[in-house]
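*Asks:* One structure follows; several queries about it will come next.
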Amino acid sequence: MPHYKLTYFNLRGRAEISRYLFAYSSIEYEDYRIEQADWPKIKPTIPFGKIPILEVDGVILHQSLAIGRYLARKTGLAGETPLDQALVDAIVATIDDFMSAFPWAEKSPDKKQKVFNDLLTNTAPGLLQDLDNFLGDKEWLVGKSVTWADFYWEVCSTTLLYLKPGLIDDHPKLLALKNRVKALPAIATWIQQRPETTL
Ligand code: M4M
């Protein structure tokens, strides 16, 4: 087994999907969390200047979804067939596009709140309806077993619900999916033991 070191802030954010994949597959890794204050010093030492990164026996992997897809492939959570894998990737990208639209680093609190509110009030409902339709009466988003697309829905919806409690009240199927992921024993254990952070 390679030595794995995941570097990110002390947040769920863009690293949590990888932490779920490690937890689910019982792979040992170093969950290295840097202080915001140390970031300017570390940034220039990282190949593309962004975190998370995953070091795999010294190879530095960047981009949270490339890291997630790599771990999902290794652990059988990437989707069963090439077509299922493409559907999984498409769902992950759809959720990620929405999460990435939030101006996380906006310095003006007024502007930040305005855009956050607009996304949560006007954009989220359409996405949630599309996801609800895509899920339909299936147990998992894609195929007959859990994939990292289900994990990503759980991770991102936790942050969305922190930003807007009640956001998915009109989507009991999506809520039930979230709860199915949270109830997977290895995920339940991780959620219970992880550092508690708001985002
Ligand atoms: C993100 N919480 O939670 S933060 C994406 N992006 O709390 S830059 C998908 N280049 O404000 C799911 O740190 C969840 C998250 O330094 C997410 O992109 C999240 O200006 C955060 C936070 C930041 C963040 C981010 C954007 C720009 C910069 C750094 C980080 C995300 C997500």
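The values are calculated or read from the model by the stated rules, or taken from the named source; none is laboratory data. Everything numeric here is computed off the predicted structure, so don't read it as measured data. FYI the Cβ positions are ideal-geometry reconstructions off the backbone, even for glycines, and counts take in every protein chain you see. We work out accessible area using only protein heavy atoms, side chains counted, and drop any ligands, DNA or RNA first. Shrake-Rupley method; radii C 1.70, N 1.55, O 1.52, S 1.80 Å.
*Asks:* Can you tell me which condition D118 does not meet? The list is (1) loosely packed, with under 13 Cβ neighbours inside 10 Å; (2) in contact (Cβ under 8 Å) with a residue 40 or more places away in the chain, and all the others hold.
*Replies:* Single failed check for D118: (2).
*Asks:* Where the second residue is assigned to a helix (DSSP H, G or I) and the first is free of Cβ contacts under 8 Å to residues at least 12 places away in the same chain and lies in the stretch 83-108, which pairs have Cβ atoms under 8 Å and are six or more apart or on separate chains?
*Replies:* Listed by first residue and then by second, the contacts come to E106/K112; E106/V115.
*Asks:* Just give me the residues in the stretch 157-177 being open to solvent by less than 10 Å² (accessible area, probe 1.4 Å) and closer than 21 Å to S25 by Cβ, in sequence order.
*Replies:* Matches in the stretch 157-177: L177 only.
*Asks:* Pairs only if they're at least six apart or on different chains, beta carbon under 6 angstrom, first in the stretch 60-76 and without any contact (Cβ under 8 Å) to a residue 12 or more places away in the chain, second within 16 Å of the ligand (Cβ to nearest atom) and part of a helix (DSSP H, G or I); list them, first residue then second.
*Replies:* L61/I67
*Asks:* Any residue in the stretch 43-62 that is within 16 Å of the ligand (Cβ to nearest atom), charged (D, E, K, R) and within 17 Å of E154 (Cα to Cα)?
*Replies:* No.
*Asks:* Within the stretch 169-178, does at least one residue satisfy the condition of being within 30 Å of Q36 (Cα to Cα), in contact (Cβ under 8 Å) with a residue 40 or more places away in the chain, in the same structural domain as I91 (by TED's automatic domain parsing) and in contact with a helix residue (DSSP H, G or I) (Cβ under 8 Å, 6 or more places away or on another chain)?
*Replies:* No; the residues of the stretch 169-178 include none that is within 30 Å of Q36 (Cα to Cα), in contact (Cβ under 8 Å) with a residue 40 or more places away in the chain, in the same structural domain as I91 (by TED's automatic domain parsing) and in contact with a helix residue (DSSP H, G or I) (Cβ under 8 Å, 6 or more places away or on another chain).
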